[in-house]
Amino acid sequence: MPGNGHVRFGPEVAGKGPAPSGHLAGGLPAPRSQPARFLGYHVRVQHCNTKITGGQRTANGGIALRVPPDMVRAQCARYRKHGKPWHRSRLQNLDDYDIVRTYGAEFRGVVNYYLLAQDVSRLHDLQWNAETSMLKTLGAP
């Protein structure tokens, strides 16, 4: 800290050295190069020179919330085994109503959390995996 009462922030003060190329001083990615991760969302600054409304580029500078692809893969993995949707043996002894209710509640919770994202349609893969796993669980002996 300098003696004049000002506090200095940044990686140089913490002994981390300069920020890597494409990143800001706090270790955050540069706004347009990579998305930042916040509360499970990918946060990006929109940039599009072709989206013109009222004579102005309306998309530039806007903040976009997106569903991270790795989150979709991780959520799908709950319903998969050996690379394809699989029945869940711990739910097989439940009534059909309880099986459908359990799958519906899990899927609804994920979808409701990511409804603010612009690309919530990415969750279609999760829907297919959950539905297929549910049907296999209902049909399992």
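Things worth noting here:
- Look at (1) of a type outside the set (S, T, N, Q); (2) under 15 Å from Gln127 (Cβ atoms); (3) in contact with a His (Cβ under 6 Å, 6 or more places away or on another chain) and you find that Pro68 fails only one, number (2).
- Residue match in region 81-93 (condition: over 22 Å from Pro35 (Cα atoms), touching a Pro at 6+ places or on another chain (Cβ under 8 Å) and not assigned by TED's automatic domain parsing to the domain that holds Leu39): no
- One residue from Val43, Val72 being modelled with pLDDT of 70 or more, among the aliphatic types (A, V, I, L, M) and in the same structural domain as Ser121 (by TED's automatic domain parsing): Val72
- Test: residue in region 71-81 that is among the charged types (D, E, K, R), surrounded by fewer than 16 Cβ atoms within 10 Å (Cβ to Cβ) and in a helix (DSSP H, G or I): yes
The values are calculated or read from the model by the stated rules, or taken from the named source; none is laboratory data. All values derive from a computational prediction rather than experimental measurement. Quick reminder, even Gly has a Cβ in these numbers, built from the backbone with ideal geometry, and neighbours come from all protein chains shown.
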